[in-house]
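Just so it is clear, none of the values below were taken in a lab; they were calculated from the coordinates. Here the structure is a predicted model, which means the values were calculated and not measured. In this analysis, Cβ positions are derived from the backbone assuming ideal geometry, glycine residues included, and neighbour counts consider all displayed protein chains.
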């Protein structure tokens, strides 16, 4: 698969078709609710299956021009709102910058691209949005089965494009709050030189006004996410938040409101038990110094 050769500025300025589908779906669900109709009633009116209506409302299916026309007529949508729905449907069919890479987690990347807030808890590695290329390369090289060098370099390129969003001016960059288990600092991924540079990179990124990194110390002992890692993405209204959970055999995107709320509560608990920002920076600086002396 060829490299795109596009600048990070160019690719991160494009609107995400994944988020457009979810925004459109949220609006369609709200319109149906306001109209006092059930999914089954809408499906009967449109001569389609209830599952199609549900998938349109969750953003798992793109809407055609005919879908927008029929739903707008059914919900008695005014011309201005009808035009907005039509534009969202059009934008939802665009190609995202990440699609040429053939990522297994492209839906997540499409959502992360326009997230207003990213809450990331990592128990074993530095959060992906903060990783240096050398650190990320070592992690990919340790995978089973081991990816080819070309695939690894593509994965690193994708990571760098994603990271660029933290420093963009327009649209506003996402607010990243990352919590790392203290074990992340002690695991010498790639050796002292790589770790020293990696921790230095985290400290540097913490200077951005939209980035906060905290360390969850060993002294906390057991906690609600002891056997888990997760990323919580939240968006501007009306798009609901999602939780991304990644594991050895795959990944999950949790969308139910009760699941998102549960992870929000867990992240809040981790936040209150972690070191504050300054103490976290002090610990990271101390660990960086020890690696640089090794």
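On a C-alpha basis, how far is the centre of segment 43-85 from the centre of segment 222-294 in Å? Whole number, if you could?
With segment 43-85 and segment 222-294 each reduced to a Cα centre, they are spaced 36 Å.
Using the alpha-carbon centroid of each, what span in Å lies between segment 119-152 and segment 171-203?
With segment 119-152 and segment 171-203 each reduced to a Cα centre, they are spaced 12 Å.
In percent, what relative contact order does the chain have, based on Cα pairs under 8 Å that are 6 or more apart in sequence? If you can, show how the numbers build up before the last one.
On the way: 410 pairs, mean separation 58.3, N = 294.
Reported relative contact order: 20 percent.
Rounded to the nearest 500, what is the chain's calculated 222 nm mean residue ellipticity when only DSSP H runs of at least 4 contribute -39500 (n - 2.57) each, over all residues? Mind dumping the intermediate values first?
Values: 13 runs with 149 residues, N = 294.
When only DSSP H runs of four or more count, the value is -15500 deg cm²/dmol.
Work out the FRET efficiency for residue 183 and residue 99 from their Cβ-Cβ distance, taking R0 = 30 Å, and round it to the nearest 0.05.
Values: r = 35 Å, r/R0 = 1.16.
Efficiency at R0 = 30 Å is approximately 0.30.
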